[in-house]
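Student: The structure is given below, and queries will be raised subsequently.
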Amino acid sequence: QVQLVESGGGLVQPGGSLRLSCAASGISFSTYAMGWYRQAPGKQREFVAAISTGAFRNYADSVKGRFTISRDNAKNTVFLQMNSLSPDDTAVYYCNARRASIDFWGQGTQVTVSS
């Protein structure tokens, strides 16, 4: 059974930082590209960042320079370091594992940026 379990969300003030984690099980983690998506209330889910099996990183323009994605294949975990957070970053953040036409999703973790 495949599981992607996100953690690290919460309430943070504008300008603050959070580090999200996604622990994967049931897949050959190192063979999957991993990504983060987010969905704000009333909006569609959008791409945030992704890291390939070869550690190539890709970011949405809205988070470039502020967010960093990384992976630890030994721990089957992908991370999203989020700095300089703004209220526009408020959303449920979802972890994604992708290989060819196969997609797995986590249940999401809430990130709220507010003073």
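Student: Return yes when S21 is closer than 16 Å to A91 by Cα, in contact (Cβ under 8 Å) with a residue 60 or more places away in the chain and touching a strand residue (DSSP E or B) at 6+ places or on another chain (Cβ under 7 Å) and no when it is not.
Tutor: no
Student: Follow-up question, since we're still on this one. Just give me the residues in region 3-42 being open to solvent by 50 Å² or more (accessible area, probe 1.4 Å) and either of a type in the set (K, R) or assigned to a loop (DSSP other than H, G, I, E, B) (or both), in sequence order.
Tutor: Q13, P14, G15, S17, R19, G26, S28, P41, G42
Student: Going through region 18-43 one residue at a time, which ones are within 18 Å of T77 (Cβ to Cβ) and of a type in the set (G, A, S)?
Tutor: The answer is S21, A23, A24, S25, G26, S28, S30, A33, G35.
Student: Sort out for me the strands (runs of 3 or more DSSP E) sitting completely within region 43-115 that have 2 or more residues that are of a type in the set (A, V, I, L, M, F, W, C) and open to solvent by 20 Å² or more (accessible area, probe 1.4 Å).
Tutor: Filter on region 43-115 gives 46-51, 102-105.
Student: Also, quick follow-up: What about T90, is it at pLDDT 95 or above and either charged (D, E, K, R) or closer than 18 Å to G15 by Cα (or both)?
Tutor: When the stated conditions are applied, T90 passes them.
Student: In region 30-59, what residues are closer than 13 Å to C95 by Cα and aromatic (F, W, Y)?
Tutor: Selection gives Y32, W36, Y37, F47.
The values are calculated or read from the model by the stated rules, or taken from the named source; none is laboratory data. Everything numeric here is computed off the predicted structure, so don't read it as measured data. So basically every Cβ, Gly included, is an ideal-geometry build from the backbone, and we count neighbours across all protein chains shown. Quick note on the areas: whole protein, heavy atoms, side chains included, nothing else; ligands and nucleic acids left out. Shrake-Rupley method; radii C 1.70, N 1.55, O 1.52, S 1.80 Å.
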